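Colleague: Right, I'll just put the structure down here and ask away after.
The values are calculated or read from the model by the stated rules, or taken from the named source; none is laboratory data. All values reported here derive from a predicted model rather than from experimental measurement. As a convention, Cβ positions derive from the backbone with ideal geometry for all residues, glycine included, and neighbour counts pool all protein chains shown. Surface areas here come from the heavy atoms of the whole protein model, side chains and all, with no ligands, DNA or RNA. Shrake-Rupley method; radii C 1.70, N 1.55, O 1.52, S 1.80 Å.
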Amino acid sequence: MAEITHPPMDQLQDLEYCIDSNPSWAETILLAFQNYILMLGTSVMIPTLLVPAMGGTDRDKALVIQTLLFVAGINTVLQALFGTRLPAVIGGSYAYVIPVAYIINDPSLQRISDRHDRFIQTMRAIQGALVIASSIQIILGYSQVWGLFSRFFSPLGMSPVVALVGLGLFQRGFPLLGNCVEIGLPMLLLVIGVSQYLKHVRPLRDIPIFERFPILICGTIIWIYSLILTAGGAYRNKPIATQISCRTDRANLISTAPWFKFPYPLQWGPPTFSAGHSFAMMSAVLVSMVESTGAYKAASRLAIATPPPAYVLSRGIGWQGIGIMLDGLFGTVTGSTVSVENVGLLGLTRVGSRRVVQISAGFMMFFSIFGKFGAVFASIPFPIFAALYCVLFGLVGSVGLSFLQFTNMNCMRNLIITGLSLFLGISIPQFFNQYWNPSHRGLAHTNAAWFNAFVNTVFSSPAMVGLTVAVILDNTIEVEKSKKDRGMPWWVKFRTFRGDNRNEEFYTLPFNLNRFFPPT
(Lines give C-alpha, C1' and ligand atoms only; values in the text may rest on other atoms or scores of the structure.)
Protein backbone atom coordinates (compact mmCIF):
# COMPACT_ATOMS: atom_id res chain seq x y z
CA MET A 1 0.00 0.00 0.00
CA ALA A 2 1.39 3.41 -0.96
CA GLU A 3 2.51 5.68 1.87
CA ILE A 4 0.05 8.44 2.76
CA THR A 5 1.87 11.73 2.37
CA HIS A 6 -0.98 14.02 3.29
CA PRO A 7 -2.32 13.01 6.73
CA PRO A 8 -5.17 14.96 8.37
CA MET A 9 -4.00 18.30 9.80
CA ASP A 10 -5.60 20.43 12.50
CA GLN A 11 -4.51 23.60 10.75
CA LEU A 12 -3.87 24.53 7.13
CA GLN A 13 -0.18 24.79 6.37
CA ASP A 14 0.09 26.92 3.23
CA LEU A 15 -1.26 30.23 4.54
CA GLU A 16 1.28 32.95 5.23
CA TYR A 17 -0.35 34.99 7.99
CA CYS A 18 -2.50 33.69 10.84
CA ILE A 19 -4.71 35.65 13.24
CA ASP A 20 -1.92 37.27 15.24
CA SER A 21 0.71 37.65 12.51
CA ASN A 22 0.44 40.70 10.30
CA PRO A 23 1.77 41.79 6.91
CA SER A 24 3.56 45.12 6.58
CA TRP A 25 1.43 48.19 7.20
CA ALA A 26 1.24 49.03 3.49
CA GLU A 27 0.02 45.53 2.67
CA THR A 28 -2.37 45.55 5.61
CA ILE A 29 -4.06 48.77 4.52
CA LEU A 30 -4.44 47.57 0.93
CA LEU A 31 -5.78 44.20 2.09
CA ALA A 32 -8.23 45.98 4.39
CA PHE A 33 -9.43 48.18 1.53
CA GLN A 34 -9.87 45.03 -0.58
CA ASN A 35 -12.09 43.54 2.14
CA TYR A 36 -14.14 46.74 2.15
CA ILE A 37 -14.59 46.68 -1.64
CA LEU A 38 -15.69 43.03 -1.54
CA MET A 39 -18.42 43.51 1.05
CA LEU A 40 -19.92 46.41 -0.94
CA GLY A 41 -21.74 43.93 -3.21
CA THR A 42 -24.12 42.65 -0.55
CA SER A 43 -24.33 46.04 1.18
CA VAL A 44 -25.59 47.68 -2.01
CA MET A 45 -27.72 44.82 -3.36
CA ILE A 46 -29.96 44.31 -0.29
CA PRO A 47 -31.10 47.97 0.03
CA THR A 48 -31.44 48.16 -3.77
CA LEU A 49 -33.84 45.22 -3.58
CA LEU A 50 -35.85 46.34 -0.53
CA VAL A 51 -35.89 50.15 -0.28
CA PRO A 52 -37.89 50.83 -3.50
CA ALA A 53 -40.50 48.27 -2.37
CA MET A 54 -40.79 50.22 0.90
CA GLY A 55 -41.59 53.40 -1.03
CA GLY A 56 -38.11 54.88 -0.66
CA THR A 57 -36.35 57.13 -3.18
CA ASP A 58 -32.82 56.82 -4.55
CA ARG A 59 -31.68 59.18 -1.80
CA ASP A 60 -33.33 56.97 0.83
CA LYS A 61 -31.51 53.98 -0.69
CA ALA A 62 -28.17 55.79 -0.52
CA LEU A 63 -28.76 56.67 3.16
CA VAL A 64 -29.70 53.07 4.00
CA ILE A 65 -26.53 51.80 2.28
CA GLN A 66 -24.45 54.28 4.28
CA THR A 67 -26.13 53.17 7.50
CA LEU A 68 -25.67 49.49 6.70
CA LEU A 69 -21.95 50.02 6.03
CA PHE A 70 -21.50 52.09 9.20
CA VAL A 71 -23.13 49.50 11.44
CA ALA A 72 -21.25 46.71 9.65
CA GLY A 73 -18.02 48.45 10.62
CA ILE A 74 -19.10 48.68 14.26
CA ASN A 75 -20.20 45.04 14.35
CA THR A 76 -16.98 43.85 12.70
CA VAL A 77 -14.87 45.64 15.32
CA LEU A 78 -16.98 44.28 18.19
CA GLN A 79 -16.77 40.72 16.84
CA ALA A 80 -12.99 40.91 16.25
CA LEU A 81 -12.32 42.38 19.70
CA PHE A 82 -14.85 40.73 22.00
CA GLY A 83 -16.71 38.04 20.03
CA THR A 84 -15.05 35.04 18.43
CA ARG A 85 -11.97 37.23 17.72
CA LEU A 86 -11.76 35.61 14.29
CA PRO A 87 -10.98 37.74 11.20
CA ALA A 88 -14.61 37.73 10.10
CA VAL A 89 -16.38 40.69 8.49
CA ILE A 90 -19.95 41.17 9.75
CA GLY A 91 -22.34 42.51 7.11
CA GLY A 92 -25.91 42.44 5.86
CA SER A 93 -27.65 39.10 5.35
CA TYR A 94 -29.97 37.88 2.60
CA ALA A 95 -31.64 35.63 5.19
CA TYR A 96 -33.74 38.63 6.28
CA VAL A 97 -35.20 39.37 2.85
CA ILE A 98 -38.27 37.11 3.22
CA PRO A 99 -39.42 38.41 6.66
CA VAL A 100 -38.67 41.99 5.61
CA ALA A 101 -40.75 41.47 2.46
CA TYR A 102 -43.58 40.19 4.70
CA ILE A 103 -43.41 43.41 6.75
CA ILE A 104 -43.28 45.55 3.60
CA ASN A 105 -46.44 43.87 2.31
CA ASP A 106 -48.33 44.25 5.59
CA PRO A 107 -51.78 45.66 4.60
CA SER A 108 -51.64 48.31 7.31
CA LEU A 109 -48.45 49.71 5.73
CA GLN A 110 -49.56 49.25 2.13
CA ARG A 111 -52.60 51.46 2.80
CA ILE A 112 -50.33 54.48 3.41
CA SER A 113 -50.65 56.51 0.22
CA ASP A 114 -47.70 58.86 0.66
CA ARG A 115 -44.57 56.97 -0.48
CA HIS A 116 -42.13 58.73 1.85
CA ASP A 117 -44.41 58.26 4.85
CA ARG A 118 -44.82 54.57 3.93
CA PHE A 119 -41.04 54.20 3.73
CA ILE A 120 -40.57 55.73 7.18
CA GLN A 121 -43.35 53.68 8.80
CA THR A 122 -42.09 50.46 7.17
CA MET A 123 -38.53 51.16 8.27
CA ARG A 124 -39.70 51.71 11.85
CA ALA A 125 -41.64 48.43 11.77
CA ILE A 126 -38.54 46.58 10.51
CA GLN A 127 -36.46 48.23 13.22
CA GLY A 128 -38.84 47.09 15.94
CA ALA A 129 -38.88 43.52 14.62
CA LEU A 130 -35.06 43.41 14.52
CA VAL A 131 -34.71 44.75 18.06
CA ILE A 132 -37.12 42.15 19.48
CA ALA A 133 -35.79 39.25 17.38
CA SER A 134 -32.17 40.01 18.33
CA SER A 135 -32.97 38.80 21.85
CA ILE A 136 -32.96 35.22 20.49
CA GLN A 137 -29.26 35.35 19.64
CA ILE A 138 -28.36 37.36 22.72
CA ILE A 139 -30.03 34.82 25.02
CA LEU A 140 -28.76 31.71 23.19
CA GLY A 141 -25.26 33.19 23.07
CA TYR A 142 -24.64 34.60 26.52
CA SER A 143 -26.53 31.81 28.28
CA GLN A 144 -24.14 29.33 26.59
CA VAL A 145 -27.13 27.36 25.28
CA TRP A 146 -25.80 27.51 21.72
CA GLY A 147 -22.44 26.28 23.00
CA LEU A 148 -24.11 23.34 24.73
CA PHE A 149 -26.01 22.53 21.54
CA SER A 150 -22.76 22.65 19.58
CA ARG A 151 -21.58 19.60 21.55
CA PHE A 152 -23.80 17.58 19.24
CA PHE A 153 -21.67 18.72 16.31
CA SER A 154 -19.02 16.41 14.89
CA PRO A 155 -16.67 16.85 11.92
CA LEU A 156 -19.09 14.69 9.95
CA GLY A 157 -22.08 16.80 10.96
CA MET A 158 -20.42 20.18 10.43
CA SER A 159 -18.78 19.38 7.09
CA PRO A 160 -21.98 19.65 5.01
CA VAL A 161 -23.12 22.69 7.01
CA VAL A 162 -19.93 24.65 6.34
CA ALA A 163 -19.94 23.45 2.73
CA LEU A 164 -23.52 24.64 2.26
CA VAL A 165 -22.68 28.06 3.71
CA GLY A 166 -20.67 28.54 0.52
CA LEU A 167 -22.27 26.22 -2.04
CA GLY A 168 -25.80 27.21 -0.99
CA LEU A 169 -25.18 30.72 -2.33
CA PHE A 170 -24.79 29.48 -5.92
CA GLN A 171 -27.68 31.70 -7.06
CA ARG A 172 -25.57 34.77 -6.19
CA GLY A 173 -22.82 33.54 -8.52
CA PHE A 174 -23.11 32.69 -12.19
CA PRO A 175 -26.86 33.44 -12.51
CA LEU A 176 -26.13 37.08 -11.58
CA LEU A 177 -22.88 37.10 -13.53
CA GLY A 178 -24.92 36.10 -16.59
CA ASN A 179 -27.00 39.28 -16.31
CA CYS A 180 -24.03 41.04 -17.93
CA VAL A 181 -21.82 38.30 -19.26
CA GLU A 182 -19.51 40.67 -21.19
CA ILE A 183 -18.40 42.12 -17.84
CA GLY A 184 -18.84 39.18 -15.48
CA LEU A 185 -17.12 36.45 -17.51
CA PRO A 186 -13.90 38.44 -18.17
CA MET A 187 -13.81 39.24 -14.45
CA LEU A 188 -14.14 35.57 -13.51
CA LEU A 189 -11.42 34.46 -15.93
CA LEU A 190 -9.12 37.31 -14.92
CA VAL A 191 -9.46 36.59 -11.18
CA ILE A 192 -8.64 32.92 -11.70
CA GLY A 193 -5.72 33.76 -13.96
CA VAL A 194 -4.22 36.46 -11.74
CA SER A 195 -4.72 34.73 -8.37
CA GLN A 196 -3.72 31.21 -9.44
CA TYR A 197 -1.52 31.25 -12.53
CA LEU A 198 0.37 34.46 -11.74
CA LYS A 199 0.57 34.10 -7.96
CA HIS A 200 4.29 33.32 -8.01
CA VAL A 201 5.13 36.31 -10.21
CA ARG A 202 6.57 39.10 -8.04
CA PRO A 203 7.26 42.25 -10.05
CA LEU A 204 7.46 44.37 -6.90
CA ARG A 205 10.27 43.18 -4.62
CA ASP A 206 9.19 40.14 -2.61
CA ILE A 207 5.48 40.93 -2.37
CA PRO A 208 3.21 38.49 -4.28
CA ILE A 209 0.91 41.30 -5.45
CA PHE A 210 -1.11 39.10 -7.83
CA GLU A 211 -1.96 36.69 -5.04
CA ARG A 212 -2.50 39.35 -2.37
CA PHE A 213 -4.61 41.83 -4.33
CA PRO A 214 -6.56 40.00 -7.06
CA ILE A 215 -9.76 41.94 -6.33
CA LEU A 216 -8.10 45.35 -6.50
CA ILE A 217 -6.19 44.47 -9.67
CA CYS A 218 -8.93 42.65 -11.57
CA GLY A 219 -11.75 44.81 -10.26
CA THR A 220 -10.01 47.99 -11.38
CA ILE A 221 -9.34 46.62 -14.88
CA ILE A 222 -12.91 45.37 -15.45
CA TRP A 223 -14.46 48.46 -13.82
CA ILE A 224 -12.56 50.70 -16.26
CA TYR A 225 -13.66 48.40 -19.08
CA SER A 226 -17.31 48.73 -17.97
CA LEU A 227 -16.93 52.53 -17.75
CA ILE A 228 -15.69 52.55 -21.35
CA LEU A 229 -18.64 50.42 -22.47
CA THR A 230 -21.08 52.72 -20.67
CA ALA A 231 -19.51 55.93 -22.00
CA GLY A 232 -19.32 54.47 -25.50
CA GLY A 233 -23.07 53.88 -25.57
CA ALA A 234 -22.92 50.09 -25.66
CA TYR A 235 -26.11 49.83 -23.57
CA ARG A 236 -27.99 52.87 -24.88
CA ASN A 237 -30.88 50.94 -26.44
CA LYS A 238 -30.71 47.81 -24.28
CA PRO A 239 -33.53 46.62 -21.98
CA ILE A 240 -33.78 48.25 -18.56
CA ALA A 241 -32.69 45.06 -16.77
CA THR A 242 -29.50 44.92 -18.85
CA GLN A 243 -28.74 48.60 -18.23
CA ILE A 244 -29.17 48.17 -14.46
CA SER A 245 -26.77 45.21 -14.43
CA CYS A 246 -24.15 46.56 -16.84
CA ARG A 247 -24.05 50.34 -16.71
CA THR A 248 -21.96 52.16 -14.14
CA ASP A 249 -24.35 55.12 -13.90
CA ARG A 250 -27.75 53.50 -13.30
CA ALA A 251 -27.63 53.13 -9.52
CA ASN A 252 -27.88 56.92 -8.96
CA LEU A 253 -25.79 56.51 -5.83
CA ILE A 254 -23.19 59.20 -6.52
CA SER A 255 -25.75 61.90 -7.34
CA THR A 256 -28.06 61.13 -4.40
CA ALA A 257 -25.57 60.34 -1.63
CA PRO A 258 -24.84 63.28 0.71
CA TRP A 259 -21.30 64.57 1.06
CA PHE A 260 -21.40 64.08 4.82
CA LYS A 261 -23.88 62.10 6.86
CA PHE A 262 -23.24 60.59 10.28
CA PRO A 263 -25.65 57.67 10.84
CA TYR A 264 -27.12 57.61 14.34
CA PRO A 265 -29.63 55.49 16.28
CA LEU A 266 -33.33 56.18 15.69
CA GLN A 267 -32.56 58.43 12.70
CA TRP A 268 -35.81 57.23 11.08
CA GLY A 269 -37.82 57.74 14.27
CA PRO A 270 -38.72 55.40 17.17
CA PRO A 271 -39.26 51.73 16.24
CA THR A 272 -42.78 50.30 16.21
CA PHE A 273 -43.48 46.82 17.51
CA SER A 274 -45.73 44.04 16.28
CA ALA A 275 -45.83 40.45 17.53
CA GLY A 276 -46.32 39.06 14.01
CA HIS A 277 -43.43 41.06 12.57
CA SER A 278 -41.16 39.98 15.44
CA PHE A 279 -42.01 36.28 15.11
CA ALA A 280 -41.34 36.43 11.37
CA MET A 281 -38.00 38.14 11.95
CA MET A 282 -36.96 35.51 14.50
CA SER A 283 -36.77 32.96 11.70
CA ALA A 284 -34.07 35.02 9.97
CA VAL A 285 -32.19 35.42 13.25
CA LEU A 286 -32.10 31.63 13.69
CA VAL A 287 -30.96 31.15 10.09
CA SER A 288 -28.23 33.79 10.37
CA MET A 289 -27.04 32.13 13.59
CA VAL A 290 -26.63 28.77 11.85
CA GLU A 291 -24.98 30.34 8.80
CA SER A 292 -22.60 32.32 11.01
CA THR A 293 -21.67 29.19 12.95
CA GLY A 294 -20.62 27.51 9.70
CA ALA A 295 -18.79 30.65 8.58
CA TYR A 296 -16.90 30.86 11.90
CA LYS A 297 -15.73 27.26 11.43
CA ALA A 298 -14.50 28.12 7.92
CA ALA A 299 -12.85 31.36 9.08
CA SER A 300 -10.98 29.56 11.86
CA ARG A 301 -9.52 27.08 9.39
CA LEU A 302 -8.58 29.77 6.85
CA ALA A 303 -6.96 31.84 9.61
CA ILE A 304 -4.82 28.87 10.74
CA ALA A 305 -6.67 28.70 14.06
CA THR A 306 -8.25 25.86 15.98
CA PRO A 307 -12.03 25.38 15.65
CA PRO A 308 -13.69 27.85 18.06
CA PRO A 309 -14.60 26.11 21.34
CA ALA A 310 -18.22 26.07 22.51
CA TYR A 311 -17.61 28.98 24.89
CA VAL A 312 -16.06 31.15 22.16
CA LEU A 313 -18.78 30.23 19.66
CA SER A 314 -21.49 31.24 22.14
CA ARG A 315 -19.65 34.48 22.89
CA GLY A 316 -19.57 35.29 19.19
CA ILE A 317 -23.27 34.51 18.75
CA GLY A 318 -24.10 36.75 21.72
CA TRP A 319 -22.18 39.67 20.23
CA GLN A 320 -23.80 39.03 16.88
CA GLY A 321 -27.17 39.37 18.62
CA ILE A 322 -26.07 42.77 19.92
CA GLY A 323 -25.09 43.59 16.34
CA ILE A 324 -28.61 42.77 15.12
CA MET A 325 -30.00 45.01 17.85
CA LEU A 326 -27.75 47.81 16.54
CA ASP A 327 -29.10 47.09 13.04
CA GLY A 328 -32.58 47.65 14.41
CA LEU A 329 -31.68 50.83 16.32
CA PHE A 330 -29.82 52.43 13.39
CA GLY A 331 -32.22 51.23 10.66
CA THR A 332 -30.20 49.11 8.23
CA VAL A 333 -33.28 47.36 6.74
CA THR A 334 -31.65 43.96 7.35
CA GLY A 335 -29.89 42.00 10.07
CA SER A 336 -26.25 40.94 10.31
CA THR A 337 -24.32 37.77 9.66
CA VAL A 338 -20.76 36.76 8.81
CA SER A 339 -19.84 37.81 5.28
CA VAL A 340 -19.11 34.50 3.50
CA GLU A 341 -17.29 36.18 0.62
CA ASN A 342 -14.86 37.85 3.00
CA VAL A 343 -14.19 34.50 4.68
CA GLY A 344 -13.30 33.10 1.26
CA LEU A 345 -10.97 36.04 0.70
CA LEU A 346 -8.83 34.85 3.64
CA GLY A 347 -8.00 31.73 1.66
CA LEU A 348 -7.61 33.43 -1.72
CA THR A 349 -5.03 35.88 -0.37
CA ARG A 350 -3.58 33.43 2.20
CA VAL A 351 -3.86 36.16 4.85
CA GLY A 352 -5.88 35.44 8.00
CA SER A 353 -4.74 38.49 9.96
CA ARG A 354 -7.22 39.93 12.46
CA ARG A 355 -5.67 43.39 12.04
CA VAL A 356 -6.64 43.46 8.34
CA VAL A 357 -10.30 42.96 9.20
CA GLN A 358 -10.23 45.55 11.97
CA ILE A 359 -8.81 48.17 9.63
CA SER A 360 -11.35 47.23 6.95
CA ALA A 361 -14.04 48.10 9.52
CA GLY A 362 -12.49 51.55 9.67
CA PHE A 363 -12.89 51.89 5.89
CA MET A 364 -16.55 50.87 6.21
CA MET A 365 -17.26 53.59 8.76
CA PHE A 366 -15.18 56.27 7.02
CA PHE A 367 -16.76 55.82 3.58
CA SER A 368 -20.24 55.60 5.09
CA ILE A 369 -19.82 58.99 6.75
CA PHE A 370 -18.39 60.65 3.62
CA GLY A 371 -21.10 59.38 1.31
CA LYS A 372 -19.93 60.72 -2.06
CA PHE A 373 -16.61 58.92 -1.80
CA GLY A 374 -18.21 55.63 -0.78
CA ALA A 375 -20.84 55.94 -3.51
CA VAL A 376 -18.11 55.96 -6.16
CA PHE A 377 -17.02 52.46 -5.18
CA ALA A 378 -20.59 51.33 -4.55
CA SER A 379 -21.42 52.06 -8.21
CA ILE A 380 -19.35 49.04 -9.38
CA PRO A 381 -21.66 46.83 -11.52
CA PHE A 382 -22.87 43.82 -9.57
CA PRO A 383 -21.76 41.18 -12.14
CA ILE A 384 -18.19 42.04 -11.12
CA PHE A 385 -19.02 40.96 -7.56
CA ALA A 386 -20.90 37.90 -8.84
CA ALA A 387 -17.74 36.76 -10.64
CA LEU A 388 -15.82 37.04 -7.37
CA TYR A 389 -18.53 35.09 -5.56
CA CYS A 390 -18.07 32.16 -7.95
CA VAL A 391 -14.52 31.79 -6.65
CA LEU A 392 -14.97 32.76 -3.00
CA PHE A 393 -18.20 30.87 -2.24
CA GLY A 394 -16.71 27.79 -3.86
CA LEU A 395 -13.60 28.15 -1.70
CA VAL A 396 -15.67 28.28 1.50
CA GLY A 397 -17.61 25.22 0.30
CA SER A 398 -14.37 23.30 -0.17
CA VAL A 399 -13.22 24.25 3.34
CA GLY A 400 -16.37 22.56 4.65
CA LEU A 401 -15.58 19.42 2.70
CA SER A 402 -12.05 19.45 4.15
CA PHE A 403 -13.48 18.53 7.57
CA LEU A 404 -14.24 15.10 6.13
CA GLN A 405 -10.51 14.27 6.39
CA PHE A 406 -11.06 13.63 10.10
CA THR A 407 -13.82 11.08 9.43
CA ASN A 408 -13.93 7.62 7.91
CA MET A 409 -15.31 8.12 4.42
CA ASN A 410 -15.00 4.40 3.74
CA CYS A 411 -17.99 3.95 6.06
CA MET A 412 -21.39 3.65 4.38
CA ARG A 413 -23.09 5.40 7.32
CA ASN A 414 -20.94 8.48 6.82
CA LEU A 415 -21.42 8.48 3.06
CA ILE A 416 -25.20 8.39 3.44
CA ILE A 417 -25.30 11.18 6.05
CA THR A 418 -22.95 13.43 4.06
CA GLY A 419 -24.68 12.86 0.73
CA LEU A 420 -28.20 13.27 2.13
CA SER A 421 -27.29 16.44 4.03
CA LEU A 422 -25.67 18.05 1.00
CA PHE A 423 -28.38 17.02 -1.44
CA LEU A 424 -31.37 18.01 0.73
CA GLY A 425 -29.53 21.17 1.82
CA ILE A 426 -29.51 22.30 -1.81
CA SER A 427 -32.70 20.66 -3.09
CA ILE A 428 -35.21 21.70 -0.38
CA PRO A 429 -34.29 25.44 -0.43
CA GLN A 430 -34.41 25.41 -4.22
CA PHE A 431 -37.91 23.91 -4.00
CA PHE A 432 -39.07 26.63 -1.58
CA ASN A 433 -37.36 29.45 -3.50
CA GLN A 434 -39.15 28.66 -6.75
CA TYR A 435 -42.50 29.34 -5.03
CA TRP A 436 -41.45 32.58 -3.33
CA ASN A 437 -41.64 36.09 -4.73
CA PRO A 438 -41.34 39.56 -3.15
CA SER A 439 -45.10 39.76 -2.54
CA HIS A 440 -44.41 37.23 0.29
CA ARG A 441 -46.10 34.37 -1.54
CA GLY A 442 -44.42 31.07 -0.86
CA LEU A 443 -44.88 27.35 -0.48
CA ALA A 444 -46.16 27.93 3.05
CA HIS A 445 -49.26 30.04 2.39
CA THR A 446 -51.70 30.01 5.30
CA ASN A 447 -53.84 32.81 6.68
CA ALA A 448 -51.07 33.58 9.21
CA ALA A 449 -48.62 35.59 7.12
CA TRP A 450 -45.95 35.66 9.87
CA PHE A 451 -46.04 31.83 9.97
CA ASN A 452 -45.58 31.72 6.20
CA ALA A 453 -42.56 34.01 6.46
CA PHE A 454 -41.10 31.88 9.27
CA VAL A 455 -41.42 28.57 7.40
CA ASN A 456 -40.32 29.96 4.04
CA THR A 457 -37.24 31.60 5.62
CA VAL A 458 -36.10 28.52 7.53
CA PHE A 459 -36.52 26.10 4.64
CA SER A 460 -34.98 28.50 2.11
CA SER A 461 -31.62 28.33 3.90
CA PRO A 462 -29.27 25.57 2.69
CA ALA A 463 -27.16 25.76 5.85
CA MET A 464 -30.24 25.51 8.10
CA VAL A 465 -31.62 22.50 6.25
CA GLY A 466 -28.18 20.90 6.09
CA LEU A 467 -27.60 21.38 9.83
CA THR A 468 -30.99 19.90 10.70
CA VAL A 469 -30.50 16.80 8.53
CA ALA A 470 -26.82 16.24 9.39
CA VAL A 471 -27.06 16.72 13.16
CA ILE A 472 -30.21 14.62 13.56
CA LEU A 473 -28.88 11.73 11.49
CA ASP A 474 -25.39 11.92 12.95
CA ASN A 475 -26.72 11.77 16.52
CA THR A 476 -29.33 9.05 16.00
CA ILE A 477 -27.74 6.45 13.67
CA GLU A 478 -25.32 4.01 15.35
CA VAL A 479 -23.93 6.77 17.55
CA GLU A 480 -21.87 4.80 20.07
CA LYS A 481 -20.20 2.43 17.64
CA SER A 482 -19.39 5.24 15.20
CA LYS A 483 -17.46 7.68 17.42
CA LYS A 484 -14.19 7.18 15.59
CA ASP A 485 -15.87 7.15 12.19
CA ARG A 486 -17.55 10.50 12.98
CA GLY A 487 -14.21 12.09 13.90
CA MET A 488 -15.09 12.67 17.55
CA PRO A 489 -11.62 11.71 18.97
CA TRP A 490 -10.17 14.63 16.98
CA TRP A 491 -13.07 17.03 17.65
CA VAL A 492 -13.53 16.50 21.40
CA LYS A 493 -10.40 18.41 22.45
CA PHE A 494 -11.76 21.56 20.81
CA ARG A 495 -15.03 21.53 22.72
CA THR A 496 -13.64 23.38 25.74
CA PHE A 497 -11.44 26.45 25.90
CA ARG A 498 -8.75 24.65 27.89
CA GLY A 499 -8.94 21.50 25.78
CA ASP A 500 -6.12 22.75 23.55
CA ASN A 501 -3.30 25.12 24.53
CA ARG A 502 -3.56 26.97 21.21
CA ASN A 503 -7.04 28.27 22.04
CA GLU A 504 -5.58 30.79 24.47
CA GLU A 505 -3.43 32.27 21.72
CA PHE A 506 -6.33 32.67 19.30
CA TYR A 507 -9.39 33.43 21.44
CA THR A 508 -8.29 35.17 24.66
CA LEU A 509 -10.07 38.50 25.17
CA PRO A 510 -8.01 41.71 24.92
CA PHE A 511 -7.29 44.19 27.72
CA ASN A 512 -6.98 41.29 30.21
CA LEU A 513 -10.78 40.89 30.19
CA ASN A 514 -10.47 37.14 30.76
CA ARG A 515 -9.98 37.97 34.44
CA PHE A 516 -13.59 39.15 34.57
CA PHE A 517 -15.02 36.72 32.01
CA PRO A 518 -13.13 33.48 32.58
CA PRO A 519 -13.49 30.95 29.73
CA THR A 520 -15.06 27.56 30.37
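Colleague: For region 186-340, report the convex hull volume of the alpha-carbon atoms normalised per residue, in Å³, without decimals.
Modeller: 217 Å³
Colleague: Could you work out the mean projected area of the convex hull around the alpha carbons of region 54-164, in square nanometres to one decimal?
Modeller: 9.0 nm²
Colleague: Now, a different point. What are the extents of the Cα atoms of region 152-228 along their three principal axes, listed from largest to smallest and rounded to whole Å?
Modeller: 50, 37, 16
Colleague: With an 8 Å Cα cut-off and a minimum separation of 6 or more residues, compute the relative contact order for the chain in percent.
Modeller: This gives 32 percent for the chain.
Colleague: Right, next: Enter the accessible area per residue of the chain (Å², integer; probe 1.4 Å; all protein chains in place).
Modeller: On a per-residue basis, 39 Å².
Colleague: I'd like the distance separating the alpha-carbon centroids of region 204-234 and region 30-54, in whole Å.
Modeller: First find each Cα centre; the distance between them is then 19 Å.
Colleague: So what is the diffusion coefficient of region 119-274 in µm² per second by Stokes-Einstein at 20 °C and 1.002 mPa s, using a Kirkwood Rh over Cα pairs?
Modeller: 103 µm²/s
Colleague: Now for a separate question. Whenever you get a sec, compute what percent of the accessible area on region 94-182 sits on carbon and sulfur atoms (1.4 Å probe).
Modeller: Exposed carbon and sulfur together represent 64 percent of the surface.
Colleague: Got a sec to turn the phi values of region 171-181 into Karplus ³J(HN,Hα) couplings, 6.51 cos²θ - 1.76 cosθ + 1.60 with θ = phi - 60°, whole Hz, x for Gly and Pro?
Modeller: Residue by residue, region 171-181 yields 5, 7, x, 5, x, 7, 4, x, 5, 8, 5 Hz.
Colleague: I've got another one for you. Quick one: order GLU341, GLU182 from most to least accessible surface, probe 1.4 Å.
Modeller: Output order, biggest surface exposure first: GLU182, GLU341.
Colleague: Right, here's the next one. Rg and Dmax of region 356-493 over Cα atoms: what are they, in angstrom?
Modeller: Every Cα atom of region 356-493 included, Rg and Dmax give 20.7, 62 Å.
Colleague: Could I ask something else about it? Sorted by accessible area (1.4 Å probe), largest first, how do PHE454, PHE423 line up?
Modeller: I get PHE423, PHE454, largest accessible area first.
Colleague: Could you tell me which Cys residues in the chain have no other cysteine's Cβ under 4.7 Å from their own Cβ, answering none if every one has a partner?
Modeller: Lacking a cysteine Cβ partner under 4.7 Å: CYS18, CYS218, CYS390, CYS411.
Colleague: If you take the Cα atoms of region 257-387, find Rg, then find the Kirkwood Rh from the mean of 1/r over all pairs, what is Rg/Rh?
Modeller: When Rh is taken as the Kirkwood radius, the ratio is 0.99.
Colleague: Could you please state how large a percent of the accessible area of region 397-520 is carbon and sulfur, counting protein chains only and using a 1.4 Å probe?
Modeller: 63 percent
Colleague: State, as an integer percentage, the relative contact order of region 355-490 based on alpha-carbon contacts under 8 Å between residues 6 or more apart.
Modeller: Worked out over region 355-490, it gives 26 percent.
Colleague: Listed highest first by mean packing, meaning other Cβ atoms within 10 Å per residue, what order do 360-372, 281-293 come in?
Modeller: 281-293, 360-372
Colleague: Let me ask something else about it. Leaving out ligands, DNA and RNA, what percent of the accessible area of region 300-365 is carbon and sulfur, probe 1.4 Å?
Modeller: Of all accessible area on region 300-365, carbon and sulfur atoms account for 70 percent.
Colleague: Next question, about the same structure. What 222 nm value per residue comes from the helices of the chain, counting each DSSP H run with n ≥ 4 as -39,500 (n - 2.57) and dividing by all residues, nearest 500 deg cm²/dmol?
Modeller: Mean residue ellipticity at 222 nm (helix-derived): -20000 deg cm²/dmol.
Colleague: For the chain, what is the Kirkwood estimate of the hydrodynamic radius, computed as the reciprocal of the mean inverse distance between distinct Cα atoms, to one decimal in Å?
Modeller: 23.3 Å
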